[in-house]
1. Report, by chain and number, residues whose modeled amide H sits under 5 Å from the one on residue 2, excluding near sequence neighbours (fewer than 5 apart, same chain).
2. Taking the chain as a Gaussian network, Cα atoms linked when under 10 Å apart, which of 122, 143, 185 shows the biggest mean-square fluctuation?
3. Just to be sure I understand the curve: with the Debye formula and one point per C-alpha of segment 2-160, what is log10 I(q)/I(0) at q = 0.10, 0.15, 0.18, 0.20 Å⁻¹?
4. With charges set only on the Cβ (+1 for Lys and Arg, -1 for Asp and Glu), what does the dipole of the chain come to about its Cα centre, in debye to the nearest 20?
5. Given only helices, namely DSSP H runs of n ≥ 4 each adding -39500 (n - 2.57), what is the per-residue ellipticity at 222 nm of the chain, to the nearest 500 deg cm²/dmol?
6. Averaging sequence separations of C-alpha pairs under 8 Å and six or more residues apart, then dividing by the length of segment 1-113, give the relative contact order as a whole percent.
7. Among all stretches of the chain without exposed trypsin sites (Lys or Arg not before Pro) (DSSP loop, at most 10 other Cβ atoms within 10 Å), which one is longest?
8. For the chain, modelled as a Gaussian network with Cα springs under 10 Å, which listed residue fluctuates most, 140, 115, 22?
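Each value in this text was obtained by applying a stated rule to the coordinates, not by laboratory testing. Keep in mind that this is a model prediction, so the values were computed, not measured. A quick note on method: Cβ atoms are made from the backbone with ideal geometry, for glycine too, and the neighbour counts reach across all protein chains shown.
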Amino acid sequence: MLRFDVITIFPDFFREAFDYGITRRALAAGLVVTKTHNLRHWATDKHRSIDDRPFGGGDGMVLKPDPIFTAVNDLTGFSRRGDYPKETRVVLLSPQGQVFTQSLAADMATTASQIVLICGRYEGVDERVAETLATDEISIGDYVLSGGEPAAVVVADAVVRLLPGALGSKTSAAYESFSNGLLDYPQYTRPPELEGLRVPDVLLKGNHAEIARWRHEEALKKTERNRPDLLKDSRG
Ligand code: SAM
């Protein structure tokens with residue numbers, strides 16, 4: 001079973017976040033458990049403060065390192081990157097991190113038994129968390145969110161659906177976008193014609209070899225059109 005521990009100053013954000021579709025089924029089946037923790041619980045001063053002004057000046061506030069170090073220590077038993085067992089990942093969500101990919105999600109799904117997700121806010125998180133506490137500093141894309149909470153949901157969702165048994169059919173993840181260096185092929189359903197827009201004939205004829213060929217060609221075309229970088233990556 002994989003356990004997610006989410007550290008956040010807005011625990012209510014997650015109240016229903018994992019309660020849908022595949023994640024909900026994975027939770028019900030006991031493949032995964034999610035725990036949300038309020039960072040303020042680990043604040044030590046009488047105001048329960050979790051942020052402070054940046055050294056060196058500048059706008060805004062920064063999340064303090066000490067409550068985060070204590071939180072991770074309570075949740076994992078350790079507070080230094082080198083000390084965790086290899087099944088433990090401590091992820092700092094950050095726009096400065098490595099960009100999250102399907103292969104990183106697959107790596108986590110197959111190797112981790114505990115993933116701690118640290119959600120930043122304001123101007124970010126004291127750098128000592130990235131330097132010594134986190135095993136991974138992960139960005140979900142080249143844009144800036146107001147907080148790490150949406151990013152934590154993205155990471156958890158992508159990992160959970162790759163857990164063995166989480167998807168209905170054993171093979172479905174293998175045909176999805178990114179699994180073979182391509183985007184997924186286009187999908188169609190009924191009606192076969194809508195306001196003059198027809199579903200490609202090949203899909204209606206039932207010739208499975210032709211359908212497979214068509215799908216591969218269309219996946220290639222779509223990847224060339226929308227994500228040529230993926231083709232470049234796979235060709236080296
Ligand atoms: N000052 C930071 C910067 O420019 O790099 C941005 C801080 S952002 C407003 C606040 C928090 O949102 C971050 O600490 C991080 O946890 C989260 N966040 C923002 N963008 C993100 C992204 N692309 N991926 C993951 N987390 C992100």
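1. Distant-sequence amide H within range of residue 2: 32, 33.
2. 143
3. Taken in order of the listed q values, log10 I(q)/I(0) reads -0.33, -0.76, -1.12, -1.38.
4. Working: 29 positive and 33 negative charges, 130 e Å.
With only Lys, Arg, Asp and Glu charged at Cβ, the dipole is about 620 debye.
5. Details: 7 runs with 74 residues, N = 236.
It comes out at -9500 deg cm²/dmol, rounded to the nearest 500.
6. Values: 99 pairs, mean separation 25.6, N = 113.
Relative contact order for segment 1-113 comes out at 23 percent.
7. The answer is 87-169.
8. Most flexible of the set in this elastic network: 22.
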